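Data block below; observations after.
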Amino acid sequence: FTFRSPDKGMDMMPSIAVLGVAFDGYAPAAAAAAAKKKNKTGAGGMFQTLDFSVDTSTRVAVVGANGSGKTSLLKLITGQLEPSSGEVNIHPKLRLGRFDQHFEDLLPLDLSPVAFLCSTYDLQEQDARQCLGVFGLDGARHLIRISELSGGQKARVVFASLSLMAPHVLVLDEPTNHLDMESVQALIDGIKLFKGGCILVSHDARLISETECDLWVCEGERNVA
């Protein structure tokens with residue numbers, strides 16, 4: 001697996017700043033508004049007062065028990081969730097490469113993998129096929145509708161798309177779920193060679209250790225250590 005690294009020619013690489021962020025969880029809007037009014041935003045919620053930045057040097061694995069907020073943290077970082085208070089500033093030129101647990105939402109299911117890559121990245125068909133082949137999608141699947149692919153095959157289309165994007169930061173939520181052992185090793189090697197940032201959520205100890213990620217632990221009780 002080969003992920004194209006971002007151009008390092010800029011004086012300041014684009015980044016994400018998370019400033020004083022609290023998140024009350026998926027509570028009804030009225031309850032969140034009441035908490036804000038009482039100046040208790042974050043109290044009893046999922047996260048409280050998060051301050052950090054993410055850039056092309058970031059290598060982080062977010063770990064914790066199921067339900068501790070790992071995916072919610074990624075969604076806050078990438079702007080998919082609005083914080084209850086504080087702000088998340090994403091540089092307008094930042095290219096963010098996302099692999100979501102629900103990766104079908106990232107794909108146009110009515111197109112073929114080749115048509116998707118050609119239309120998105122202005123590729124010739126042979127170049128799109130070559131990229132899909134690198135990520136292990138066999139040629140017989142290149143021209144059928146994405147909706148007809150298995151979960152593992154769809155995952156490979158997403159990885160191929162991420163490689164062509166040349167993202168500044170990869171955000172990968174459980175990226176090994178549909179991969180065999182050989183492909184997991186290929187993903188590890190690809191992340192190690194990638195020259196951008198990477199934040200991942202995974203239960204795969206080998207992926208975390210071999211990519212030499214720092215650990216952010218979602219401990220519950222509004223803490224990330």
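How many residues are buried (at least 18 other Cβ atoms within 10 Å of the Cβ) and of a type in the set (S, T, N, Q) when one looks only at segment 189-221?
Looking only at that region, the number is 2.
Filter segment 58-75 down to residues that are charged (D, E, K, R) and either in a helix (DSSP H, G or I) or at positive phi (or both), then give me how many there are.
Going through segment 58-75 one residue at a time, the tally reaches 2.
Those residues that are among the aromatic types (Phe, Trp, Tyr) and within 17 Å of the chain's Cα centre (by Cα), I need them from segment 119-169; list them, please.
Passing the criteria: only Phe159.
Would a scan of segment 133-154 turn up a residue that is within 26 Å of Val54 (Cα to Cα), outside any loop (DSSP other than H, G, I, E, B) and in contact (Cβ under 8 Å) with a residue 12 or more places away in the chain? I'd like the intermediate steps shown before the answer.
Within segment 133-154, the subset within 26 Å of Val54 (Cα to Cα) is none.
There is no residue in segment 133-154 that is within 26 Å of Val54 (Cα to Cα), outside any loop (DSSP other than H, G, I, E, B) and in contact (Cβ under 8 Å) with a residue 12 or more places away in the chain.
Identify all residues within segment 100-132 that are under 18 Å from Glu148 (Cβ atoms), of a type in the set (Asp, Glu) and outside any loop (DSSP other than H, G, I, E, B); write none if there are none.
Glu104, Asp105 - these are the residues of segment 100-132 that are under 18 Å from Glu148 (Cβ atoms), of a type in the set (Asp, Glu) and outside any loop (DSSP other than H, G, I, E, B).
Among the numbered conditions (1) free of Cβ contacts under 8 Å to residues at least 40 places away in the same chain; (2) assigned to a strand (DSSP E or B); (3) surrounded by 14 or more Cβ atoms within 10 Å (Cβ to Cβ), tell me where Gly97 comes up short.
With respect to (1) free of Cβ contacts under 8 Å to residues at least 40 places away in the same chain; (2) assigned to a strand (DSSP E or B); (3) surrounded by 14 or more Cβ atoms within 10 Å (Cβ to Cβ), Gly97 is out only on (1).
Just so you know, all these numbers are worked out from the coordinates, no wet-lab data involved. This one's a predicted model, so the numbers in the text were calculated from it and none came from an experiment. We place every Cβ from the backbone using ideal geometry, glycine too, and count neighbours over all the protein chains shown.
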